[in-house]
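The values are calculated or read from the model by the stated rules, or taken from the named source; none is laboratory data. Note that the coordinates shown come from a computational prediction; the quantities given were computed from them, not determined experimentally. In this analysis, Cβ positions are derived from the backbone assuming ideal geometry, glycine residues included, and neighbour counts consider all displayed protein chains.
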Amino acid sequence: MIIDLRSDTLTKPTPRMLEAMIQARVGDDVFGEDPTVKALEEKLAQMFGMDAGLFCPSGTMTNQIALRVLTQPQDEIICHKYAHIYLYEGGGIMANSLASVALLEGEYGILSAANVEAAIQPDDIHKPISRVVALENTMNKGGGAIYPMATIREIAAVCHKHGLYLHLDGARLFNALVETGDDPKEYGQLFDTISICLSKGLGCPVGSVLLGSAAHIRKARRVRKMMGGGMRQAGFLAAAGLYALEHQVNRLKDDHARARTIGTMLNELPWVTEVFPIPTNIVIFRVAAPHTEKEMLAKLEAVGIKAVGFGPGLIRLVTHLDFDDAQMEELHIRLKKLMP
Ligand SMILES: *Cc1c(COP(=O)(O)O)cnc(C)c1O
């Protein structure tokens, strides 16, 4: 048995999700004629109290479209130095938006309103123009950290005061929502654009949705076409999203509980020196020197445990829909036996 905890994107659609996909009513979505895509976009827009949604192939695309819509060349995007939009999107901010980035520090990837405000550029021809603040919730490289709503409110107030847009990379926003019980509509009020991934913890094979105002989503639709993201009978994919929103949101709590259990197991191992806090489904831990993450990843792989390196000395494990209690037991057995 291979225990694959590299990512929550590795899941395969369940038989019931596949059934929902096969049953989907479809049309050509570039002509605006796919009823299932429209239903998914409208469902999420309503849930977050926003005007409209746009179904896209990936979260990279929804993020990049949002930033492109909100900025002009010479603008600057303020984000954490570990933000996915900066680190893991192929340099897209530069290539797609010709924009600059201001990279901020913050514990476990969480920014503060004071740091954001201090990063806003003065009106000076030497400087780029601060235009967008982009947050990530949950924060992948921060170990799945959750933004406290109070912090988001403070940052939104700073954006409002200085006329900046606020974007959310909500690839794992539902992981945060099931833990906090925050009202999705408050997210809709505070953010100008929100990107949500269906292909992470929610277990869909493909898809992300960008939410925003009617005007922003109209522009976003044109940018999506330019990027080659206009899909035809995409309702087959959107149907998976609708199914997931109905049946696979609350179970994210199970992933979180399992992640915490893994954290407890790791804390007992002599070759692990630190386990990040585990608020959601991401477990990041540090291997004890002189061992390296590369060496320990190879040892894990040799006993059928797949994980990814997450920087010097760091390893990431992510729990998901296809990781169950039987695999958890097996994981525990293998970890206890593993000699560094
Ligand atoms: C996965 C992820 C994305 C989008 O990734 P895609 O693979 O392009 O769908 C965006 N932001 C974060 C934080 C992610 O983890």
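Do we have any residue at all in the stretch 301-313 that's touching a Ser or Thr at 6+ places or on another chain (Cβ under 9 Å), surrounded by 16 or more Cβ atoms within 10 Å (Cβ to Cβ) and not in a helix (DSSP H, G or I)? Yes, because at least one residue in the stretch 301-313 is touching a Ser or Thr at 6+ places or on another chain (Cβ under 9 Å), surrounded by 16 or more Cβ atoms within 10 Å (Cβ to Cβ) and not in a helix (DSSP H, G or I).
Does ALA95 count as under 29 Å from GLY229 (Cβ atoms), modelled with pLDDT of 95 or more and loosely packed, with under 15 Cβ neighbours inside 10 Å? In short, yes.
Give VAL132, VAL116 a once-over and let me know the one that is surrounded by 23 or more Cβ atoms within 10 Å (Cβ to Cβ), touching a His at 6+ places or on another chain (Cβ under 6 Å) and not in a loop (DSSP other than H, G, I, E, B).
Details: VAL116 fails: touching a His at 6+ places or on another chain (Cβ under 6 Å).
Criteria check complete, one pass: VAL132.
Looking only at the stretch 178-206, residues that are buried (at least 21 other Cβ atoms within 10 Å of the Cβ) and within 15 Å of the ligand (Cβ to nearest atom) come to 13 in all.
Suppose we keep only residues that are more than 15 Å from the ligand (Cβ to nearest atom) and farther than 21 Å from GLN189 by Cβ within the stretch 129-150. Which one would you say is farthest from the chain's Cα centre (by Cα)? Please lay out each step first, then the result.
In the first step, residues of the stretch 129-150 are kept if they are more than 15 Å from the ligand (Cβ to nearest atom); the result is 129-133, 148-150.
Among the residues that remain, those that are also farther than 21 Å from GLN189 by Cβ are: 129-130.
Values: ILE129: 26, SER130: 23 Å.
Residue satisfying both the conditions and the ranking: ILE129.
Among the residues of the stretch 68-92, count how many are within 16 Å of the ligand (Cβ to nearest atom) and out of contact with any strand residue (DSSP E or B) (no Cβ under 6 Å at 6 or more places or on another chain).
Kept after step one, since they are within 16 Å of the ligand (Cβ to nearest atom), are these residues of the stretch 68-92: 68, 77, 79-92.
Keeping just the survivors that are out of contact with any strand residue (DSSP E or B) (no Cβ under 6 Å at 6 or more places or on another chain) gives 68, 82, 87-92.
The qualifying residues number 8.
Before we move on, is ALA156 more than 28 Å from ALA259 (Cβ to Cβ), in contact with an Asp or Glu (Cβ under 8 Å, 6 or more places away or on another chain) and either without any contact (Cβ under 8 Å) to a residue 40 or more places away in the chain or assigned to a loop (DSSP other than H, G, I, E, B) (or both)? Please lay out each step first, then the result.
Values: more than 28 Å from ALA259 (Cβ to Cβ): yes; in contact with an Asp or Glu (Cβ under 8 Å, 6 or more places away or on another chain): no; either without any contact (Cβ under 8 Å) to a residue 40 or more places away in the chain or assigned to a loop (DSSP other than H, G, I, E, B) (or both): yes.
In short, no.
When the residues of the stretch 65-85 are filtered to those that are under 22 Å from ALA145 (Cα atoms) and surrounded by 18 or more Cβ atoms within 10 Å (Cβ to Cβ), the one that is nearest to the chain's Cα centre (by Cα) is HIS84.
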